[in-house]
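The values are calculated or read from the model by the stated rules, or taken from the named source; none is laboratory data. Keep in mind the model is a prediction, meaning the values are calculated, not measured. Heads up, the Cβs are rebuilt from the backbone with ideal geometry, glycines too, and the neighbour counts pull from every protein chain shown.
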Amino acid sequence: MPTTKVSRSLSEIDSNSFITIFSQSPISTQIFTPKGVSVAANRAWEKLWKIKHDDIKGKYNVLTDPQLKAHKIAPYIRRAFKGEVVEVPSIKYEPQKTVAVKGAVAYRWVSAIAYPIKNNEGKIINVVIQHEDVTERKAAEDRLTESKDLFDTIWSAALDAKVISDREGKVLEVNSAYCRLYGYSREELLGKNFAIIFPPQKRRMVRENYRKTFESKREGGIFESKVTSKTGKEYIVESHYSFIVQHGKRTAMLSVVRDITERKQSLKLIEEERARLTLALEAGNIGVWDWNTKTNELMWTEKVYELHQVPKDRPITLEYFITLIHPDDMVMMQESIAKALRNEAVFCPTFRIITPQGTVRWLNTRAIVFFDAKGRPVRMLGATSDVTEQKRLEEDKNDFISIATHELKTPVTSLKAYAEVLEQKFRRSGDEESAQHLAKMNAQLDRLTSLIGDLLDATKIEGGKLQMQRDLFAFDDLVSEISEELQRTTDRHELIVRDDSRKKVLADRERIGQVLTNLISNAIKYSPHSKKIVITSKATLGEVLVSVRDSGVGIPKAKQEKVFERFYRVSGPDGNTYPGLGLGLYISSEIIKRHGGRIWVTSTPGKGSTFIFSLPVKARIPQGNNH
Amino acid sequence: MKKILIADDDPAICDAVKMMLEMEGYQVGTTVDGATIYRMESEMPDLLLLDIWMSGQDGREICKYLKARESTKHIPIIMVSASRDIEKSAREAGADDFLSKPFKMADLLGKVALYVNR
């Protein structure tokens, strides 16, 4: 605003100079008549509005500009024309909407200052409006607001507790998560030193540490601490701190605090669990292995290295493991793995390895297979333990039983010889009664022999040493022979034989005879009150089929699978068991299976049972040991 | 009268089988020591009942020996054992037949009759 003093010195200046000043001025200036008509504008004006003043000179009236009206600027302008100096707030001018102006482009944010020029009498002779293009400033302001809004959103919505504090630790900004965590309100924290969240005795140390951290060279870090909220709740928190740097100097610290109490607890539980597992594995002398079936990578725990007596630094691959397997067990192992990968069987083989030092060890391993969504195997995770000792004990036991049964047979042999001779002697001398007694004794000796034989057979089966022969014989003859023999042991039952297979069979005659004996004597044993036992044989496709049917106590459905298990003995309706070792069906089942046949039972409790087995006419007996 | 020699390390078996065979009209000799068979020069039996597992001796070895010797290879040998599985190796050693213990008298007498009259 020109003052009187200034105007005096100015009046000495040439008017041309003023015109030059006016036109060269970088500030957009426009001069209006008191009635509002634009009469002059400088170059800066033309540059701002991108139009030539000559195009609107005399035609444009600022008092009637509709855009100004629309922006509610008109009152400001009118005040200037009434004699006031007015600062016009910035508005968005869109020049192309102005009546008299055509062709000008874009919009500008423009603020302006409008003032009247009065003559010496105070009459308004002109009004000047000077504009400032504040588009850039406005854009910057907008961006700032946007980013502030963004910041606020991020700041307040954060789940993590955040605090910004200055060099001394005074809280400059804090979010609601932080307040919630420590149990203080925003007002209680803002402007105070953050150390107030700590118990009084700790505050001094906390502030010291804070200052040290602030001064240190480190640009940031993480640390854990235990804190107690206002309400007394204890948390374990993890704090990430970093610094806000302005103009190259650290001005504040940003701390992000995360409640890791739960995570810590979980980790603790996991660690305890892991320690427990490791201890259990160690106590059980169990090693764990992990095989990725796709990449073929194999991982062994330390224990597995020990079990295989392989140095711990040796890299382990599946191929290397295979080289350790005993050649006799190779086929079995490959089949077991293949079946497990096809999800056909549980993987639990017992096998031998030959360690790099050349010793043989027995190992047992069991694993589970993981499959992907398409059912393809991806991983096998297993546990291995050394069973050499158990195997030795088992072998010793089996050897002992073999020897024992052998020994038992010796006195039985002579007993039987004496009994048979005596029976003969009594018969020849006509003493039928005594001969009968001896005959009964003989039958018991046969029974004893049979029991010893069963015990030995069961042991052989366990040890994989049950051997079978190949005999070619007429099947029906065997069936009749055995049936006749067993008929002699009972007068309460009638054995009805329908042997109709008419086949010659390639199998172990004595063993198949053993199976028939077992089934028929069981039929006799388990039907004490009924009379008929029907034994049939017939031929089907490449097989002979034998069934032994009784009308005895029967077997409940739940137990029907179990009868073929070792040691299984059926209990009668009153709960007590029938005499016998429980080995007969187990051995029979084994014999039939070894021939490539099948054995099963159908039964109704109270009505009776039918035991059936099938035997391939050309029995497929694999030779050699099996485990 | 046909002469039968029983070799078994259990004296009770020797005694009982001797009784059994004598009742059938055979002349019977027994031995619990397989080594004596090696020293057999004269008075050869018409049939030998040979136990496989005798203390200190393997009956199969004795069988092989006898079957190889000119003077004894004609003697029929029936091998006896408590183990049935051994039959194959018994026959391979040259035995004419095999009997598992405990045996039925009828079976024993039948086999003896079969081979002693050859």
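A few points about this structure:
- One residue alone among A:Val257, A:Val288 is closer than 30 Å to A:Arg167 by Cα and assigned to a strand (DSSP E or B), and that residue is A:Val257.
- The stretch A:398-432 - residue that is under 60 Å from the mean Cα position of the chain (by Cα) and loosely packed, with under 14 Cβ neighbours inside 10 Å and, of those, nearest to the other protein chains (Cβ to nearest Cβ): A:Glu407
- Residue count, the stretch A:207-233 (criterion: touching a residue at least 12 places away in the same chain (Cβ under 8 Å) and either under 20 Å from A:Lys192 (Cβ atoms) or touching a strand residue (DSSP E or B) at 6+ places or on another chain (Cβ under 7 Å) (or both)): 17
- Residue match in the stretch A:39-48 (condition: modelled with pLDDT under 85 and buried (at least 17 other Cβ atoms within 10 Å of the Cβ)): yes
Quick grid of which residues meet (1) away from chain A (no Cβ under 14 Å); (2) within 17 Å of A:His406 (Cα to Cα); (3) assigned to a loop (DSSP other than H, G, I, E, B); (4) not basic (Lys, Arg):
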{"residue": "B:Leu21", "(1), (2), (3), (4)": "no, no, no, yes"}
{"residue": "B:Ile37", "(1), (2), (3), (4)": "yes, no, no, yes"}
{"residue": "B:Pro45", "(1), (2), (3), (4)": "yes, no, yes, yes"}
{"residue": "B:Leu50", "(1), (2), (3), (4)": "yes, yes, no, yes"}
{"residue": "B:Asp85", "(1), (2), (3), (4)": "no, yes, no, yes"}
{"residue": "B:Phe103", "(1), (2), (3), (4)": "no, yes, yes, yes"}
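- With respect to (1) surrounded by 19 or more Cβ atoms within 10 Å (Cβ to Cβ); (2) at pLDDT 90 or above, the lone exception for B:Ile37 is condition (2).
- If you go through the stretch A:238-265 and keep only what is in contact (Cβ under 8 Å) with a residue 60 or more places away in the chain and not polar (S, T, N, Q), you end up with A:Ile244, A:Arg250, A:Ala252, A:Met253, A:Leu254, A:Val256, A:Val257, A:Arg258, A:Asp259.
- Residue that is surrounded by the most Cβ atoms within 10 Å (Cβ to Cβ), among those in the stretch A:490-530 that are under 20 Å from A:Leu615 (Cα atoms) and among the basic types (Lys, Arg): A:Arg511
- The residue that is modelled with the highest pLDDT, among those in the stretch B:68-83 that are assigned to a loop (DSSP other than H, G, I, E, B) and within 13 Å of chain A (Cβ to nearest Cβ), is B:Ala82.
- Residue check: B:Tyr65 meets all listed conditions (1) buried (at least 17 other Cβ atoms within 10 Å of the Cβ); (2) among the hydroxyl-bearing types (Ser, Thr, Tyr); (3) assigned to a helix (DSSP H, G or I) but one, namely (1).
- The set of residues from the stretch A:54-88 being in contact with a Lys or Arg (Cβ under 9 Å, 6 or more places away or on another chain), free of Cβ contacts under 8 Å to residues at least 40 places away in the same chain and outside any loop (DSSP other than H, G, I, E, B) comprises A:Asn61, A:Leu63, A:Pro66, A:Gln67, A:Ala70, A:Val86.
- Extreme residue, farthest from the chain's Cα centre (by Cα), among residues of the stretch B:87-96 that are among the acidic types (Asp, Glu) and part of a helix (DSSP H, G or I): B:Glu92
- Pairs are defined by a Cβ separation below 7 Å, a sequence spacing of at least 6 or placement on different chains, a first member in the stretch A:99-118 that is more than 14 Å from A:Val86 (Cα to Cα) and among the polar types (S, T, N, Q), and a second member that is modelled with pLDDT of 55 or more and part of a loop (DSSP other than H, G, I, E, B); no pair meets this definition.
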